[in-house]
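The values are calculated or read from the model by the stated rules, or taken from the named source; none is laboratory data. The model shown is predicted, which means the values in this text are computed figures rather than measured ones. When we count neighbours, we look across all protein chains shown, and the Cβ atoms used for this are built from the backbone with ideal geometry, even at glycine.
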Amino acid sequence: MRLPKLGFLYLDYVLRFFDHSNFKGWPEKIETVTYHWKNDKKRFIKEVKKKKIDVLIGNIPATAYETFREIARELPHVRFIPSLDTQFSNKSKENVTRFAWKYNLPIPQTHIFYDREKGYKFLRQTDYPKIVKRSYGPSNYGGYFVHKVDSVDEAIALFDEKKYHPIYVQDFIPMEADIRVMLIGHKPVCAFWRRPPEGDWLTNTSQGGSMDYQDVPKNVLDLAVKVSKSANAEYWACDVAYGKDGNVRILECATAFAAFPYIRDWIGQYLMWSLSGGKMKKPHLPMFNWEELGKIDSSLLRTMRHITFGKYTPSYDGAYFDDKKKSYGDSQYYIHELDEQYPMLDVAPRDYEEWPSEKWNFQDRFPFKSIKSMEVENIQNLDAPTSGDEASPEIIIDQQDLQTLFEDISGLGSKKIQKIFEEFSEDEIVENLEFNPGAFSKIKGIKEKLVKKIVSAWVSFKEDRVN
Ligand SMILES: Nc1ncnc2c1ncn2[C@@H]1O[C@H](COP(=O)(O)OP(=O)(O)O)[C@@H](O)[C@H]1O
Ligand SMILES: [Mg+2]
């Protein structure tokens, strides 16, 4: 079998989920193709053709999603990994919801309105509390664009102010915790709890919540597998709400997420196995490896690469080396038995378009400004940008960029800025900006209000870069 020609799909200003180091051992050259934003479609397509690429690997940020659906159509013989259909959920919370509706996956009851009058009417007759989210825009800010509203007045005041569009309203689910599960080939490879601080509803670990890797329940892993299969995802992350009622529901799912480098290595190994038709070795990733790896300090975990595991082999007397059993579901298992229950499967591309934009891109068909029934300006304020470089785990910026970004924030003086640079490395600062802005409140004098300003500044900084 001839090996397919691989290429990495990169976008300017968007840091890379994968690079060559994740595909160690691939015997042929891996190309890279970079999208430069602003009308770069034609040139990009030409370059992919010229380089004779068969498989383009990489995550597409929300702001480029629709453009890449067009690009993919013009490159029918190129396989995108993950496919544009798999990445449908990356674009917006609305898309996550529509995906869940289609596959009958449990989510909190959700209402989406493009018609503001209908939306407001709903707000007036529904019961509270409810959760309001901005559907499209930077996500994974650990709840910075997620609001709990306790009454109709609060809900209406919020939409009058924020002008989030569409109106996206969800039942409030009292939760024990939410659980992030990462999967490769539909097999869970990492999972952890995020618990809210005492008395709080938001599971934002940077605000005093906690995180741990122990004993993620079976119904959570089973749901995550089902979601990954529905999305036909080569790799996947799923946030599952673990309700106080014991029920599980999906909060978020995507192919773009923060992952330790060793997890990206595993994805690379898995893809090389799949794309080589089995010629290259499939990684063996034992179930619950995360319970043990999670004991390692994260600063060290971040540097660990190419972690491999051997398979369990029975010893001479038929016993297993490790005779420890694990309680899971209603029973006790050896880990290798669970590995059989959760196989790492080969994901084959589908041969049809599941979410064509003509049908599913509601956002561009029903933009805010086209609704005449309400005289409101287009979304302008920093809290609610119309576009943002969403879901991309990282963005390329240097120390000078960060300095400039911080200097423009009123209330953030040079002393505080200096403390930020003392407390965090550049990478950590970017990671905090993307995934964990509350971490800045570790610095004396940086309170919630200032954190929000930092988030807004970061959002508009990214917009400036890509527009
Ligand atoms: N319907 C809900 N009921 C209760 N809490 C919720 C609900 N939706 C979200 N949350 C809380 O808000 C957090 C952020 O919501 P999420 O949808 O993940 O948005 P983000 O993109 O900001 O991460 C979740 O981790 C969870 O703690
Ligand atoms: Mg989230």
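Here Leu405 passes the criteria (1) at pLDDT below 80; (2) more than 23 Å from the chain's Cα centre (by Cα); (3) not in a loop (DSSP other than H, G, I, E, B) except the one numbered (1). Residues that are in contact with an Asp or Glu (Cβ under 7 Å, 6 or more places away or on another chain), under 20 Å from Ile179 (Cα atoms) and more than 16 Å from ligand 2 (Cβ to nearest atom) within region 98-140 comprise just one, Gln109. Restricting region 138-168 to residues that are within 16 Å of ligand 1 (Cβ to nearest atom), of a type in the set (A, V, I, L, M) and in contact with a helix residue (DSSP H, G or I) (Cβ under 7 Å, 6 or more places away or on another chain) leaves a set whose member that is nearest to Met344 (Cα to Cα) is Ile167.
Screening Met1 on (1) in contact with a strand residue (DSSP E or B) (Cβ under 7 Å, 6 or more places away or on another chain); (2) at pLDDT below 95 shows it passes everything except condition (1).
Meeting the requirement of 3 or more residues that are surrounded by 20 or more Cβ atoms within 10 Å (Cβ to Cβ), the helices (runs of 4 or more DSSP H) wholly within region 10-117 are 62-74, 88-91, 93-102.
Take Ser151 and tell me if it is more than 24 Å from Val227 (Cα to Cα), of a type in the set (Ser, Thr, Tyr) and more than 15 Å from ligand 2 (Cβ to nearest atom).
Yes; evaluated as a whole, the condition is true for this residue.
Taking first residues from region 177-206 that are closer than 16 Å to Tyr342 by Cβ and partners that are within 14 Å of ligand 2 (Cβ to nearest atom) and assigned to a loop (DSSP other than H, G, I, E, B), no Cβ contact under 6 Å between residues at least 6 apart in sequence or on separate chains turns up.
Every condition in (1) of a type in the set (S, T, N, Q); (2) closer than 26 Å to Phe260 by Cα; (3) in contact (Cβ under 8 Å) with a residue 60 or more places away in the chain is met by Ser460 except one, and the failing one is (2).
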